[in-house]
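Student: Just passing along the structure, written as structure tokens.
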Amino acid sequence: MPVKAAAQIVVVGGGPAGLAAAASAAECGKRVLLLDENPLPGGQIWRAKNGTITAEAEGWRQRAQAAGVEWRGGRQAVAAATGQLWLEHAGGVEVAAWEELILATGARELLLPFPGWTLPNCCGAGGLQALVKAGLEIRDKRVLVAGSGPLLMAVAAFLRQQGARVLLIAEQAPAGQVAAAALHLPPAKLRQAWQLRRATRGVPFLAGCWVEAAEGRQQLERVRLRRGVRRWSLECDYLACGFGLTPNSELGQLLGCALTAEAGIAVNRWQQTSVEHIWCAGEAAGIAGVEAAWRSGEIAGYAAAGRQERTAPLLARRDREQQSSQRLLRRLAPRAELRALAQDTTWLCRCEDVTVGEARPYANWREAKLQTRCGMGACQGRICGAAARFLWGWQINAARPPILPARVGTLAQAAPAPSISTEVTV
Amino acid sequence: MPERVRVKVNGRELEMPAEASVAAALMSAGVSGLRRSRTGEPRGPVCGMGVCMECRVRVDGRAHQRACQFSCREGMEIECR
Ligand SMILES: Cc1cc2nc3c(=O)[nH]c(=O)nc-3n(C[C@H](O)[C@H](O)[C@H](O)COP(=O)(O)OP(=O)(O)OC[C@H]3O[C@@H](n4cnc5c(N)ncnc54)[C@H](O)[C@@H]3O)c2cc1C
Ligand code: FES
């Protein structure tokens, strides 16, 4: 099929990392194409309410535009091979040719299974936030925010500002670890945390507390909570429950890039992956927060443009950000008790309805997939793969094209590419 | 007042805000189960960002459309179960 777009450098993902990478590379005089499945740039954090972008995203967008970056929204990279990328959009499919590829695909929430987690109105924490930003009316709704990580406080503050009745913030990490994590925050982050806490004044924050089960008939009605030996129930309309983030590394896996132990795309000091001409920036390489994301984006952009000398002033800042995030995340690591929540009858794979008990007996992810079809459905294991990794330590390295359910037409048109299967999974 | 559009949800006419995603609009209207799982359980939006696939509905005859990924349009026919 004809190549529709070509650039010296193609950047996948228009969040903080991708915007910074594209702007930096273009400022070095390269022809840069920046694409994202969303219609507007900004990624996860710079997504404003009701289809607009925030001031930060607008600043970066302008910088990218001034440097001559070509922006293409509404395009999802569904398959890739050396020098080529298959993009699906509303009107069909196109191929983009690249000389250097920068993956800035970000991260998604880590969702862990517990009885009832598939009931309607049980959402991710960032998930419920995204839905409210997309227009979900949350005023006066009773919401429980639970799981782990700095996102919980941000989500609780946001929901409350939107008029929700946030009943409780339940952080699974023990109080001692939460306090230690707070004490070691850099001053700017500590101030931010303090502001978020003030914005959630009056909402109890319980450390060492987690959701044991969600209950209801057709949708969520109540949540069963546990803290130490205490167990109780709480009636609510929505559960916003997430356990931090996990990298979107599928595109990199497809291209043969090596992964880190934390399932991110492995990179060297200049954000270069194990595969020549492929770079990775932001949270696709590892979870480290927004500032590390855009700094690593700048580094990747300069390095991919062959101007490594420009990265010198950025490296130390990026490293500091990454180290401080890693320390924080180690302290908030999910506790062992969470593994015991998933019962044999609890769903593991939502797409194919495979239970934890059905998948557990297998030696690894590959065998479980072949025997039970878990991870073979529409989401291609994005949710259950990360859960299986947490439950049983399985390595989830099974991205296969297309990495997202593509239309039959996309696949047919892409057929000449050797790595493209024609299996459709929706 | 945000602009509103009329859509049909399982044949029933509903008014929805034009800029809201279909997933958000359906949830706001009290429709929490957007699809049935393989074993027939109701499922609804989880991630709000196109990843979990739990929000799939039929739109204007096209199956498996992620309701969190597009907005309501006048006259749109949505089928969910
Ligand atoms: C749901 C959620 C909520 C969050 N909320 C907060 C918050 O409130 N406060 C906070 O400080 N941090 C928050 N974070 C973390 C913050 O978003 C990140 O630190 C930061 O956005 C990382 O930037 P990034 O550029 O690496 O990735 P992202 O911002 O995630 O950008 C990645 C982009 O790549 C695109 N993409 C991915 N795959 C493809 C593909 N195959 N084809 C085309 N495009 C693709 C995505 O659409 C996305 O726009 C949140 C994260 C998530 C996942
Ligand atoms: S809510 Fe997850 S894909 Fe739409």
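The values are calculated or read from the model by the stated rules, or taken from the named source; none is laboratory data. Given the structure is predicted, the values throughout are model-derived calculations rather than measurements. As a convention, Cβ positions derive from the backbone with ideal geometry for all residues, glycine included, and neighbour counts pool all protein chains shown. For the accessible areas, the whole protein counts, side chains as well, though only heavy atoms, and no ligand, DNA or RNA atoms are used. Shrake-Rupley method; radii C 1.70, N 1.55, O 1.52, S 1.80 Å.
Student: Quick check, is B:Ser21 closer than 17 Å to B:Gln69 by Cα and within 16 Å of ligand 1 (Cβ to nearest atom)?
Tutor: On the way: closer than 17 Å to B:Gln69 by Cα: yes; within 16 Å of ligand 1 (Cβ to nearest atom): yes.
Judged against the criteria, B:Ser21 is a match.
Student: Anything in segment A:115-155 that is in a loop (DSSP other than H, G, I, E, B) and away from ligand 2 (no atom under 16 Å from the Cβ)? List them, or say none.
Tutor: A:Pro115, A:Gly116, A:Glu137, A:Arg139, A:Asp140, A:Lys141, A:Gly149, A:Pro150 - these are the residues of segment A:115-155 that are in a loop (DSSP other than H, G, I, E, B) and away from ligand 2 (no atom under 16 Å from the Cβ).
Student: Check off (1) facing chain A (nearest Cβ under 10 Å); (2) assigned to a loop (DSSP other than H, G, I, E, B); (3) on the phi > 0 side of the Ramachandran plot for B:His64 and give me the number that stays unchecked.
Tutor: Of the numbered conditions (1) facing chain A (nearest Cβ under 10 Å); (2) assigned to a loop (DSSP other than H, G, I, E, B); (3) on the phi > 0 side of the Ramachandran plot, the odd one out for B:His64 is (2).
Student: Do the conditions hold for A:Val95, that is, is it in a strand (DSSP E or B), open to solvent by less than 30 Å² (accessible area, probe 1.4 Å), in contact with a Pro (Cβ under 8 Å, 6 or more places away or on another chain) and away from ligand 2 (no atom under 16 Å from the Cβ)?
Tutor: Answer is yes for this residue.
Student: I've got another one for you. Here are A:Leu206, A:Leu152: which of them is without any contact (Cβ under 8 Å) to a residue 60 or more places away in the chain, more than 14 Å from chain B (Cβ to nearest Cβ) and not basic (Lys, Arg)? Full working, then the answer.
Tutor: Working: A:Leu152 fails: without any contact (Cβ under 8 Å) to a residue 60 or more places away in the chain.
Exactly one of A:Leu206, A:Leu152 is without any contact (Cβ under 8 Å) to a residue 60 or more places away in the chain, more than 14 Å from chain B (Cβ to nearest Cβ) and not basic (Lys, Arg), namely A:Leu206.
Student: So for segment A:123-132 (the condition being out of contact with any Pro (no Cβ under 7 Å at 6 or more places or on another chain), surrounded by fewer than 24 Cβ atoms within 10 Å (Cβ to Cβ) and modelled with pLDDT of 95 or more), does at least one residue qualify? Walk me through it before giving the result.
Tutor: Step one: filter segment A:123-132 for residues out of contact with any Pro (no Cβ under 7 Å at 6 or more places or on another chain), giving A:124-130, A:132.
Then drop every residue that is not surrounded by fewer than 24 Cβ atoms within 10 Å (Cβ to Cβ), which leaves none.
Looking through segment A:123-132, none of the residues is out of contact with any Pro (no Cβ under 7 Å at 6 or more places or on another chain), surrounded by fewer than 24 Cβ atoms within 10 Å (Cβ to Cβ) and modelled with pLDDT of 95 or more.
Student: Check segment A:54-62 and report whether any residue there is touching a residue at least 60 places away in the same chain (Cβ under 8 Å), away from chain B (no Cβ under 14 Å) and under 30 Å from A:Gln162 (Cβ atoms). Walk me through it before giving the result.
Tutor: Residues of segment A:54-62 touching a residue at least 60 places away in the same chain (Cβ under 8 Å): A:60.
Narrowing further to those that are away from chain B (no Cβ under 14 Å): A:60.
Imposing the further condition that a residue be under 30 Å from A:Gln162 (Cβ atoms) reduces the set to A:60.
Among the residues of segment A:54-62, at least one is touching a residue at least 60 places away in the same chain (Cβ under 8 Å), away from chain B (no Cβ under 14 Å) and under 30 Å from A:Gln162 (Cβ atoms), which makes the answer yes.
Student: Would you point out the residue of segment B:28-47, among those that are more than 7 Å from chain A (Cβ to nearest Cβ) and not aliphatic (A, V, I, L, M), that is most open to solvent (accessible area, probe 1.4 Å)?
Tutor: Our first condition is that a residue be more than 7 Å from chain A (Cβ to nearest Cβ); within segment B:28-47, this holds for B:29-31, B:34-36, B:40.
Pick out the ones that are also not aliphatic (A, V, I, L, M) and you get B:30, B:35-36, B:40.
Values: B:Gly30: 57, B:Arg35: 27, B:Arg36: 86, B:Gly40: 34 Å².
So, considering only residues that are more than 7 Å from chain A (Cβ to nearest Cβ) and not aliphatic (A, V, I, L, M), the one most open to solvent (accessible area, probe 1.4 Å) is B:Arg36.
Student: Residues being surrounded by fewer than 21 Cβ atoms within 10 Å (Cβ to Cβ) and either without any contact (Cβ under 8 Å) to a residue 60 or more places away in the chain or within 16 Å of the chain's Cα centre (by Cα) (or both): count how many of those fall in segment A:273-287.
Tutor: Initially, segment A:273-287 is screened for residues surrounded by fewer than 21 Cβ atoms within 10 Å (Cβ to Cβ), giving A:274-277.
Next, only the ones that are either without any contact (Cβ under 8 Å) to a residue 60 or more places away in the chain or within 16 Å of the chain's Cα centre (by Cα) (or both) stay: A:274-276.
Going through segment A:273-287 one residue at a time, the tally reaches 3.
Student: Looking only at residues in segment B:1-10 that are more than 9 Å from chain A (Cβ to nearest Cβ) and free of Cβ contacts under 8 Å to residues at least 60 places away in the same chain, which one is least open to solvent (accessible area, probe 1.4 Å)? Spell out how you get there, then give the answer.
Tutor: Initial filter on segment B:1-10 (more than 9 Å from chain A (Cβ to nearest Cβ)): B:1, B:3-10.
After this cut, where a residue has to be free of Cβ contacts under 8 Å to residues at least 60 places away in the same chain as well, the list is B:1, B:3-4.
On the way: B:Met1: 200, B:Glu3: 127, B:Arg4: 100 Å².
Per the criteria, the residue is B:Arg4.
Student: Could you say whether any residue in segment A:184-202 is surrounded by 19 or more Cβ atoms within 10 Å (Cβ to Cβ) and at pLDDT 95 or above? Quick ask: steps written out before the conclusion?
Tutor: Taking segment A:184-202 as the starting set, the residues that turn out to be surrounded by 19 or more Cβ atoms within 10 Å (Cβ to Cβ) are A:200.
Going one step further and asking which of them are at pLDDT 95 or above, we end up with A:200.
Yes, segment A:184-202 contains a residue that is surrounded by 19 or more Cβ atoms within 10 Å (Cβ to Cβ) and at pLDDT 95 or above.
Student: Let me ask something else about it. Can you confirm whether segment A:135-146 contains a residue that is of a type outside the set (Val, Ile, Thr), open to solvent by less than 10 Å² (accessible area, probe 1.4 Å) and more than 29 Å from A:Ala388 (Cβ to Cβ)? I'd like the intermediate steps shown before the answer.
Tutor: Step one: list which residues in segment A:135-146 are of a type outside the set (Val, Ile, Thr), which gives A:135-137, A:139-142, A:144, A:146.
Within this subset, residues satisfying the condition of being open to solvent by less than 10 Å² (accessible area, probe 1.4 Å) are A:136, A:144, A:146.
Among the residues that remain, those that are also more than 29 Å from A:Ala388 (Cβ to Cβ) are: A:136.
Yes; the residues of segment A:135-146 include at least one that is of a type outside the set (Val, Ile, Thr), open to solvent by less than 10 Å² (accessible area, probe 1.4 Å) and more than 29 Å from A:Ala388 (Cβ to Cβ).
Student: Go through (1) open to solvent by less than 10 Å² (accessible area, probe 1.4 Å); (2) more than 9 Å from chain A (Cβ to nearest Cβ) for B:Glu54 and report which single condition fails.
Tutor: Result: B:Glu54 fails condition (2) only.
Student: Find the residue count for segment A:288-319, including only residues that are open to solvent by less than 40 Å² (accessible area, probe 1.4 Å) and out of contact with any Gly (no Cβ under 7 Å at 6 or more places or on another chain).
Tutor: The initial filter retains those residues of segment A:288-319 that are open to solvent by less than 40 Å² (accessible area, probe 1.4 Å), namely A:288-289, A:292-293, A:295-305, A:311, A:314-315, A:318.
Now narrow it down to the ones that are out of contact with any Gly (no Cβ under 7 Å at 6 or more places or on another chain): A:288-289, A:292, A:295, A:298-305, A:311, A:314-315, A:318.
Residues that pass the stated criteria total 16.
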